Every structure is written in structure tokens, then in C-alpha cells.
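Working notes, beginning with the structure itself.
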Amino acid sequence: MMLVDGHGRVHDYLRISLTEKCNLRCNYCMPESGIVLRNKSHFMNADEVIALAKTFVNLGVKKIRITGGEPFVNKDISQILIQLSQLNVDLSITSNAVLLSDYFELLEQLNIRSLNLSIDSLNEEKFNAITRRNLFDTVIKNINEAIHRGFKVKLNVVVIKGVNDDEIVEFVRWSIREFISVRFIEFMPFDGNQWKVDKVLSQKNMLDIIAKEFKLETIQKIQDEKNLISRNYKIEGAKGSFGFISTITNSFCGTCNRIRLTADGKIKNCLFSNEELDLLSALRNGEDVTSIIQKAIQSKHAKNAGIDFENQNYKNRSMTAIGG
Ligand code: SAM
Ligand code: SF4
């Protein structure tokens, strides 16, 4: 069985959020006060995560990414990863790296080799200001350890004009020295993050900054993947690469294969969609979860959930409550 939407796109990649909570407070993602905490019963427990994941795998999902909030804040994560790793899927994790050092051995045992780690600044003060916590040293140490242990590390950098655009070149230099893939992410609008189009640094702006520093002929385009999320480049002779996740100025909707499952068990057919369907209640009530998943996929819009960011009063959950 396959999940195909009304635009002919096969959906075989699921992102599961394990929690809305986080040990950082990145100002573009989380309100300073955190999110409104709800009783545990609103969220999937480990068994429910596995049950829903299995349903998706039966519907043709081949790749699962674990995310959050901060996924390692979920106390059951080890048990969840152990069980997910027994399914026939490519398993990966997105994390802020704060708690990563406690899990290296487990990840190695389970052969989970692909880690997307977030870091928006290489300057301690700035990093701590963005995340509203003082954990720069821990994060850098854990990212370096992940690289040196041979994990396939992608570094997520959300670029905001006037905040960290002056560090783009520094991040590209890091990709020359190490086998990492730096992904510059265009700033996206979510509830309470004071998004404005003039704070977005486009892929084009970022490439211009890079081209000023490195000779144009040394910047090489890497062939796009089938379901691309980032458009990738490398500097000639570099160990690693860099790329752009340009959801705002050059979206990837045409080849989108992504489905999201929020920590409270709702299926979201697009990061920007408000039309969520409740799989967790259905599972608990013994209803047919498969048909709800199919309905959600069939109703997917062609692009950005049908939203025009600049011209509409757009409302969505905050990113930490969606699952990035
Ligand atoms: N806590 C984990 C982390 O930070 O990697 C996983 C969840 S986080 C929501 C997933 C990714 O979404 C992170 O790389 C984060 O930087 C990105 N993100 C959050 N808010 C964003 C925004 N407004 N625009 C662009 N990316 C955003
Ligand atoms: Fe937490 Fe990740 Fe959001 Fe930062 S981006 S507040 S680390 S969930």
C-alpha cells in the first residue's frame, strides 16, 4: 500500500514528534515562557508511538525521523528507538544536542547513524542569547563528539537577518574542515515568533554572501536528491558540504513526501497546515486509523498548505509544538 496525495506525490517519510517540551528556548521557535503544558494523557505514550509508526510503515513509510520539541527530553526515548529500529525503516533523529552524550552508545548499537543537530551560532554569547539558556559548551562538545564518532551529521542553522547572517561564512568554513553537511534554513513563520518577511535571508542572499568570500568557481553544486529538502553545494576540496532549506523563497513542495505526527497524536499533512486529524483518539477508541491517515494525505494542498505567508494573517502552532 502507498500513501499518494491528490497531486500524485507518494508519502513515505514520517516525522514523529516525541514531545512538545524542550530544554532550550530558541526565540524563533519557543515562546520565552515555554508552551502551555498539558497533562501527560494528551500525548502518545511509547506503545502508542510504536503502534502508530507500525500503521504508517504498513502504508509504505520507509523513513522515520524522530523530533520534537527536544526528543531526548522524552524519558521513554530509548525504549521507543529500540522498538522503532526493529521496523524496516531508515531511522534518524533531529536534536539540539544538549543531551546527546548520554545516548551515543545506544545510537551506535541501534545503528542510528544520521543525526540532524541544530546550532545557529558559533559565538557563545549569541548562541546563549538565541536559545535563552547557557548550554553552548555542551552543545559544541556533543556536536564535535558526534562528528568524531563518525555519525552522519547535518547541522541545522536558522538564518535570521541581523542576527547570525554574519556567521554564514564561518559555518561554510566548518564544512570544509569536517565531514558535515551544514544546512542554512530560511526563517519560517510560526505562532509567537515575530516573523517578518524582511527578517528572512533568502537562499540567494546567502549564496551571494558565500560567493563574496570564496571564489565562484570553487563553489560546486551537488546533484539534488529525489525528495530534496535542501539544495546542496560544496567548496572544491572540502570534506563536507552546505545547503539551503529555502521553504520561503524556493519551496520544495513539488516533490514533498513528508508527513508529520505531533506529540499529541495528530497527523499534519504539511508543516504549515492547520488541518490536523486526531490519530491518537482514534487509536484509543479502536477506530480505523488507516482511513484517517489516507484522508489526511488526500487533502494535502499543492504548496505550503495553500498559505500565502506575506499576505495572510497566518496562524499555526509554534514549531516546538509541531515537530520540526
Ligand atoms: N529540538 C530539536 C532541534 O532543535 O533540532 C528538534 C526540533 S526543532 C523544532 C527542529 C528544527 O526546526 C531545528 O533545526 C530548528 O532550528 C528548526 N526551526 C524551529 N523554528 C524554526 C523557524 N521559525 N524557522 C526555521 N526553522 C525553525
Ligand atoms: Fe527547542 Fe529545537 Fe525549538 Fe530550539 S528549535 S526551542 S532546541 S525545539
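Relative to the first principal axis of the alpha-carbon coordinates of the chain, what is the inclination of helix 203-213, with its axis defined by its Cα atoms, in degrees from 0 to 90 and to the nearest 10? Computed tilt is about 30 degrees. Counting only alpha carbon atoms, the long axis of helix 168-177 and the longest principal axis of the chain meet at about 90°. Computed from phi, the 3J(HN,Hα) profile of region 60-65 under the Karplus parametrisation 6.51, -1.76, 1.60 (θ = phi - 60°) reads x, 5, 10, 9, 10, 10 Hz, with x in place of Gly and Pro.
Compared with the dominant Cα axis of the chain, that is its longest principal axis, helix 46-58 is turned about 90°. When you filter the GluC sites (Glu not before Pro) in region 1-97 for DSSP loop state and at most 12 other Cβ atoms inside 10 Å of their Cβ, you are left with E32.
The 3J(HN,Hα) values that the Karplus relation (6.51, -1.76, 1.60; θ = phi - 60°) gives for region 15-28 are, in residue order, 10, 10, 8, 8, 6, 8, 7, 8, 8, 10, 9, 3, 6, 8 Hz. Gly and Pro appear as x.
Taking the number of Cβ atoms within 10 Å of each Cβ as an exposure proxy, the fewest-first ranking of E145, E125, E276 is E125, E145, E276.
Cysteines in the chain that lack a partner Cβ within the 4.7 Å cut-off: C22, C253, C256, C270. Listed by chain and number, the lysines placed with their C-alpha closer than 18 angstrom to that of K21 are K40, K75, K266; residues fewer than eight positions away on the same chain are left out.
In order along region 117-129, phi translates into HN-Hα couplings of 10, 9, 7, 9, 8, 9, 9, 3, 4, 5, 4, 5, 5 Hz, rounded to whole numbers, per the Karplus curve 6.51 cos²θ - 1.76 cosθ + 1.60 with θ = phi - 60° and x for Gly and Pro. Its Cα gyration tensor gives region 13-321 an equivalent ellipsoid, and the semi-axes of that ellipsoid, as √(5λ) in whole Å with the largest first, are 30, 22, 20. Placing +1 on the Cβ of every Lys and Arg and -1 on the Cβ of every Asp and Glu, with nothing else charged, gives the chain a dipole about its Cα centre of roughly 380 debye. Taken along its three principal axes, the alpha carbon spread of region 54-157 comes to 46, 24, 23 Å, from the longest extent down to the shortest.
Taking each residue as 0.36 nm, the span from N111 to H42 lengthens on full extension beyond its C-alpha to C-alpha distance by 21.7 nm.
Here, each number is a calculation from the coordinates, and none is a lab measurement. Remember, predicted model here, so these are calculated numbers, not experimental data. Backbone-built Cβ (ideal geometry, glycine too); neighbour counts: all protein chains shown.
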